[in-house]
Amino acid sequence: MSSSQAVPATHLREPDPYKLGRAPYHGGSGHGHGEPPGHGAGGPASKRVIVGYGFWIFLLSDIVMFSGFFAAHAVLQDATAGGPSGKDLFDLSRVAIETGLLLASSFTCGMAAVATEARSHLWTQVFLLVTGLLGLGFLIMEAQEFAAMIAEGAGPQRSAFLSSFFAVVGCHGLHVTAGLLWLGTMMAQIFVKGFRPNILRRLLCFNLFWHALDIIWVALFTIVYLIGAGA
Amino acid sequence: MSADTNHDSESGDVAPGVEGTSIRAGVQGYLIGLGLAVLLTAASFYTAGSGWIWGPGIPVALVVLAIAQIGVHLAFFLHITTAPDNTNNVLALAFGVLIVALVVGGSIWIMGHVNHNMMPMQEMLQMQR
């Protein structure tokens with residue numbers, strides 16, 4: 001039942017829905033500008049796309065580094081050397097508040113990106129400021145937690161379990177600290193230089209960084225705190 | 001420099017973290033992501049705190065919830081999509097996930113066996129006498 005007598009093969013095909021430029025279909029009227037060619041034929045991608053991709057690779061390498069800390073912690077979770085375990089130390093309501101703060105800051109960071117997209121100076125700065133304050137609140141709570149643990153003799157030198165705990169949570173805290181410094185410089189740059197293309201690219205990278213920190217925190221509060229407090 | 005921005009707005013390329021054009025759609029996406037993330041976080045803390053799941057199954061449930069939440073964050077906050085212009089980002093992510101799985105899974109697996117095969121401390125002390 002083949003009806004392939006007069007219909008050319010190109011007309012049976014979808015007119016390249018994803019604009020990959022592989023279909024030999026050139027629009028209906030034949031003016032020469034039907035479907036645009038794919039990205040391969042359109043020259044290199046815009047700088048913004050390339051910068052975003054490169055920063056995404058960096059973030060993934062950062063996550064791979066964190067996976068080493070996570071593996072160490074998972075292996076050393078029971079090596080308490082007679083000292084306190086996660087069940088004795090972790091205050092889950094405090095962890096829940098920290099989680100809420102970081103999640104809210106991730107959301108306001110996204111709102112700042114939307115405001116930037118709308119080219120609103122005021123709202124971008126407001127949302128970035130809120131993001132920074134929420135991140136600062138998270139850091140303060142974490143510092144208090146660390147100080148309390150060290151004060152009751154459960155510092156990183158107490159056991160292998162606590163060493164790995166302070167390493168993985170502290171490394172995330174250092175990342176948040178670096179993110180806050182970056183946030184401050186971004187706010188200053190927007191204030192002084194405005195929405196120039198290079199500033200917009202930096203903002204994009206900062207957004208990616210801040211959201212990635214929240215992703216790491218999701219793994220952290222699940223594996224270190226919730227499973228650690230239950231086991 | 002203005003040519004650069006024009007190129008950005010006209011090309012269909014999307015980097016991770018790049019917003020859509022409409023404010024409403026952007027806010028909506030983040031709100032959906034926030035809602036799902038809050039739900040999954042609350043479910044995690046509730047599962048850990050209460051005994052509604054069989055005890056040994058709690059870690060599994062928590063890991064599943066965490067992976068779901070990471071997926072929500074990737075989709076709604078980092079804007080990793082299945083669109084063909086996102087292929088590079090997805091491929092890089094897949095490679096990252098592979099390495100993380102190898103490092104974490106491999107460590108737990110190997111160290112678990114090493115622990116299991118280690119001589120108990122009592123016997124070791126007796127042999128040293």
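We did not get these values from a lab; they are worked out from the coordinates using the rules stated. The structure displayed is predicted, hence computed values, not measured ones. In this analysis, Cβ positions are derived from the backbone assuming ideal geometry, glycine residues included, and neighbour counts consider all displayed protein chains.
How do A:Ser46, A:Ser93, A:Ser105 line up, fewest other C-beta atoms within 10 Å first? Each step should come with its number before you reach the end.
Values: A:Ser46 21, A:Ser93 10, A:Ser105 27.
In order of increasing Cβ crowding within 10 Å: A:Ser93, A:Ser46, A:Ser105.
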For region A:188-229 and region A:160-186, what is the separation of their C-alpha centers, rounded to whole Å? 12 Å
Gyration tensor verdict on region B:19-78 (Cα atoms; rounded if a/c is under 1.5, prolate if a/b is larger than b/c, oblate otherwise): prolate
Could you tell me whether region B:29-129 comes out rounded, prolate or oblate from its Cα gyration tensor? Rule is a ≥ b ≥ c as square roots of the eigenvalues, rounded for a/c under 1.5, then prolate if a/b exceeds b/c, otherwise oblate. oblate
Find how many whole Å separate the alpha carbon centroid of region B:112-129 from the alpha carbon centroid of region B:50-66. 32 Å
Give a quick list of trypsin sites (Lys or Arg not before Pro) in region A:79-135 that DSSP marks as loop, anything other than H, G, I, E or B, with at most 12 other Cβ atoms within 10 Å. A:Arg119
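Mind sorting A:Ile227, A:Ile97 by how few other Cβ atoms lie within 10 Å of their own Cβ, fewest first? Working shown, then result.
Details: A:Ile227 20, A:Ile97 14.
If I rank by nearby Cβ atoms, fewest first, I get A:Ile97, A:Ile227.
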Taking every residue in B:88-96, how many Cβ atoms of other protein chains lie within 10 Å of its Cβ, on average? 4
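Sorting A:Cys109, A:Cys171 on the 10 Å Cβ count, fewest up front, what's the list?
Listed from fewest to most nearby Cβ atoms, that is A:Cys171, A:Cys109.
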How much length, in nm to one decimal, is gained on full extension between B:Leu39 and B:Val90, taken as 0.36 nm per residue of separation minus their Cα-Cα distance? 15.8 nm
Inter-label distance for A:Trp182 and A:Trp123, nm, one decimal - labels placed 7 Å from Cα along Cα-to-Cβ: 2.4 nm
